[in-house]
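Asker: Let me give you the structure first, and then I'll get to my questions.
The values are calculated or read from the model by the stated rules, or taken from the named source; none is laboratory data. What you are looking at is a predicted structure, and each value in this text was computed from that prediction instead of being measured. Every residue, glycine among them, receives a Cβ derived from its backbone with ideal geometry; neighbour counts consider all protein chains shown. Protein only, heavy atoms only, side chains kept; ligands, DNA and RNA dropped before computing areas. Shrake-Rupley method; radii C 1.70, N 1.55, O 1.52, S 1.80 Å.
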Amino acid sequence: MRIADVKQAVVPISSAIANAYIDFSKMTASVVAVTIEDGAGRRATGYGFNSNGRYAQPGLLAERFIPRLTGTTEAEITRTDGGLDPVGAWAAMMKNEKPGGHGDRSVAVGVLDMALWDAAAKLEGVPLWKLLADRYRGGPADETAWVYAAGGYYHPGKGVDALVEEMKRYLDMGYSTVKMKIGGAPGTPLKEALAEDMARIEAVVKLLGGEGSRLCVDVNGRFGLHAALTYAAALQPMNLRWYEEPLDPLDFATHATLAEHYLPPIATGENLFSMLDARNLIRHGGLRPDRDILQFDPALSYGLVEYLRTLEMMAAHGWSPRRCVPHGGHQFALNIAVGLGLGGNESYPEVFAPFGGFADDTPVTDSRIRMPTIPGIGFEAKSALWAVLKDLA
Ligand SMILES: O=C([O-])CC(=O)C(=O)O
Ligand SMILES: [Mg+2]
């Protein structure tokens, strides 16, 4: 195995939407193409990108991670069975990086890691979900994955009617569970903000036939403990599917306090970027392995090599992989969900195109989706995304 070529580019992933913490008017993503030669005359190009919510990392890629990857030896990136070894590539990329302080470096490594797994599966001629089930699960992959429609963003002039219309479109597409943003009126007195959000939530729950268990709400880390508890008291009787990122993602003790007072599921983790951060959440966040949801996004958090460590850590703490529903709505996490038996995956039917969304011709039925069978992650089967990636290599 030899790294023949690595290309990178920065592309916009911007739109006029906002959550409670940021707007996406200037959001960018890094995309990479990594070409591998296997020494037996076969070549494969894998592609990677960094999900949404963190910006493109061209400097880190150009200065540190691409040179380390192209400088790897055959032995470092070849498995004993002859296949490409993303684990060895990961170790080479992380040489001379101190522990802790993950920041944006986990994004740069995650982009390259995605491309390496895409290439590894292509070299073996199998879809990534199958390669993962074969290498790490020792059993068949799941036949379908549970997916839910994430949206409900703030948008200038968007009122309750437009929110309900949006959610109705998701139901018409085959999703039965949806997610909306809340907590997006900072500066408004808490009582008024809560009243406004409860009107938005109740309108969507009404559309869902009164079933709160089909709605997730996402605060994007905006609340402090007082606001989180005030909302929790109002939300608890609605029995929502989950209450997401109510608090700062790294404030573990405060999560533990909230979890003592809010009984239905809490979801968090999309802004934790390493196995060690995830372990701190499990150790100190007071989350409950029988109901809470972990949303680590492999594309933002050092890739699948690190995600495998996170799953191992979870197992050691009594957490099933079914508690994981990754953030990001991308095909990489969907392959991981099906191949490794996670609880499902996020989906963005109307935002973050073309990086969000799955292969063409894989319709969602009852909030479940099937995988394409082409080799790799399946980017070539998603025409809008392939149009962005294909000229990179
Ligand atoms: O709005 C965002 O940053 C995305 C997000 O939280 C999610 O998909 O859960
Ligand atoms: Mg979120």
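Asker: Pairs needed: first member in the stretch 157-177, at pLDDT below 95; second member anywhere, open to solvent by less than 20 Å² (accessible area, probe 1.4 Å) and in a helix (DSSP H, G or I); C-beta distance under 6 Å; at least 6 residues apart or different chains.
Answerer: Here the result reads none, with nothing in the stretch 157-177 linked to a residue that is open to solvent by less than 20 Å² (accessible area, probe 1.4 Å) and in a helix (DSSP H, G or I).
Asker: So Tyr153 passes all but one of these: (1) of a type in the set (Ser, Thr, Tyr); (2) closer than 25 Å to Ser30 by Cα; (3) open to solvent by 60 Å² or more (accessible area, probe 1.4 Å). Which condition number does it fail?
Answerer: Only one criterion in (1) of a type in the set (Ser, Thr, Tyr); (2) closer than 25 Å to Ser30 by Cα; (3) open to solvent by 60 Å² or more (accessible area, probe 1.4 Å) is unmet by Tyr153, namely (3).
Asker: For the stretch 175-210, which positions are among the small types (Gly, Ala, Ser) and open to solvent by less than 20 Å² (accessible area, probe 1.4 Å)? Write out each step before concluding.
Answerer: Here is the first cut: in the stretch 175-210, the residues among the small types (Gly, Ala, Ser) are 176, 183-185, 187, 193, 195, 199, 203, 209-210.
Across the stretch 175-210, the qualifying residues are Gly183, Ala193.
Asker: Working carefully through the options Glu350, Glu306, Glu270, Glu260, find the one that is closer than 21 Å to Leu116 by Cβ and either open to solvent by 10 Å² or more (accessible area, probe 1.4 Å) or away from ligand 2 (no atom under 14 Å from the Cβ) (or both). Spell out the reasoning first.
Answerer: Numbers: Glu350 fails: closer than 21 Å to Leu116 by Cβ; Glu270 fails: closer than 21 Å to Leu116 by Cβ; Glu260 fails: closer than 21 Å to Leu116 by Cβ.
Only one candidate qualifies: Glu306.
Asker: Could you run through the stretch 273-299 and say how many residues are within 15 Å of ligand 2 (Cβ to nearest atom), in contact with a Lys or Arg (Cβ under 8 Å, 6 or more places away or on another chain) and of a type in the set (A, V, I, L, M, F, W, C)?
Answerer: 2
Asker: Looking at the stretch 116-138 only, could you name the residues that are surrounded by 24 or more Cβ atoms within 10 Å (Cβ to Cβ) and either of a type in the set (D, E, K, R) or under 17 Å from Arg54 (Cβ atoms) (or both)?
Answerer: Across the stretch 116-138, the qualifying residues are Asp118, Lys122.
Asker: Which one of these is open to solvent by 10 Å² or more (accessible area, probe 1.4 Å), in contact with a helix residue (DSSP H, G or I) (Cβ under 9 Å, 6 or more places away or on another chain) and in contact (Cβ under 8 Å) with a residue 12 or more places away in the chain: Ala232, Ala278, Ala299, Ala227?
Answerer: Of Ala232, Ala278, Ala299, Ala227, the one residue that is open to solvent by 10 Å² or more (accessible area, probe 1.4 Å), in contact with a helix residue (DSSP H, G or I) (Cβ under 9 Å, 6 or more places away or on another chain) and in contact (Cβ under 8 Å) with a residue 12 or more places away in the chain is Ala227.
Asker: Let me ask you something else. Please go through the stretch 28-48 and give me each residue that is at pLDDT 95 or above and of a type in the set (A, V, I, L, M), ordered by number.
Answerer: Listed by number, the residues that qualify are Ala29, Val31, Val32, Ala33, Val34, Ile36, Ala44.
Asker: Among (1) open to solvent by 10 Å² or more (accessible area, probe 1.4 Å); (2) of a type in the set (Asp, Glu); (3) under 30 Å from Ile66 (Cβ atoms), where does Asp251 come up short?
Answerer: (3)
Asker: Let me ask another. Among Met93, Met27, which is the only one that is without any contact (Cβ under 8 Å) to a residue 60 or more places away in the chain, within 16 Å of ligand 2 (Cβ to nearest atom) and not acidic (Asp, Glu)? Steps first, answer last, please.
Answerer: Values: Met93 fails: within 16 Å of ligand 2 (Cβ to nearest atom).
Of the residues listed, the single one that is without any contact (Cβ under 8 Å) to a residue 60 or more places away in the chain, within 16 Å of ligand 2 (Cβ to nearest atom) and not acidic (Asp, Glu) is Met27.
Asker: For the stretch 144-162, which positions are under 17 Å from Ser347 (Cα atoms) and not in a loop (DSSP other than H, G, I, E, B)?
Answerer: Of everything in the stretch 144-162, those that are under 17 Å from Ser347 (Cα atoms) and not in a loop (DSSP other than H, G, I, E, B) turn out to be Ala145, Trp146, Val147, Tyr148, Ala149, Ala150.
A quick yes/no check of all residues on (1) crowded, with 16+ Cβ neighbours inside 10 Å; (2) at positive phi; (3) within 16 Å of ligand 1 (Cβ to nearest atom):
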| position | (1), (2), (3) |
| --- | --- |
| Ala9 | yes, no, no |
| Ala20 | yes, no, yes |
| Val34 | yes, no, no |
| Ala40 | no, no, no |
| Ile66 | yes, no, no |
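Asker: Could you please tell me which pairs satisfy a Cβ distance under 6 Å, a separation of 6+ or placement on different chains, a first residue in the stretch 318-339 that is assigned by TED's automatic domain parsing to the domain that holds Tyr307, and a second residue that is within 15 Å of ligand 1 (Cβ to nearest atom) and assigned to a helix (DSSP H, G or I)?
Answerer: Between residues of the stretch 318-339 that are assigned by TED's automatic domain parsing to the domain that holds Tyr307 and residues that are within 15 Å of ligand 1 (Cβ to nearest atom) and assigned to a helix (DSSP H, G or I), the close pairs are Pro326/Ala333.
Asker: Going by what's in this entry, would Pro246 be described as buried (at least 22 other Cβ atoms within 10 Å of the Cβ), assigned by TED's automatic domain parsing to the domain that holds Ala193, within 16 Å of ligand 1 (Cβ to nearest atom) and not hydroxyl-bearing (Ser, Thr, Tyr)?
Answerer: It is true that Pro246 is buried (at least 22 other Cβ atoms within 10 Å of the Cβ), assigned by TED's automatic domain parsing to the domain that holds Ala193, within 16 Å of ligand 1 (Cβ to nearest atom) and not hydroxyl-bearing (Ser, Thr, Tyr).
Asker: Test each condition in (1) within 16 Å of ligand 2 (Cβ to nearest atom); (2) in a helix (DSSP H, G or I); (3) within 18 Å of Val351 (Cα to Cα) for Lys179 and report the one that comes out false.
Answerer: Only one criterion in (1) within 16 Å of ligand 2 (Cβ to nearest atom); (2) in a helix (DSSP H, G or I); (3) within 18 Å of Val351 (Cα to Cα) is unmet by Lys179, namely (2).
Asker: While we're on this one: Would you mind listing the helices (runs of 4 or more DSSP H) fully within the stretch 28-116 where at least 2 residues are under 20 Å from the mean Cα position of the chain (by Cα) and within 22 Å of Gly376 (Cα to Cα)?
Answerer: Filter on the stretch 28-116 gives 86-93.
Asker: List pairs: first in the stretch 47-64 and within 20 Å of Gln331 (Cα to Cα) and not assigned by TED's automatic domain parsing to the domain that holds His327, second more than 16 Å from ligand 2 (Cβ to nearest atom) and open to solvent by 50 Å² or more (accessible area, probe 1.4 Å), Cβ under 7 Å, 6+ apart or cross-chain?
Answerer: Note: pairs meeting the criteria are Arg54/Asp104; Ala56/Val10.
Asker: Residues of the stretch 353-380 being in a strand (DSSP E or B) and open to solvent by less than 30 Å² (accessible area, probe 1.4 Å), which ones?
Answerer: Ile369, Gly376 - these are the residues of the stretch 353-380 that are in a strand (DSSP E or B) and open to solvent by less than 30 Å² (accessible area, probe 1.4 Å).
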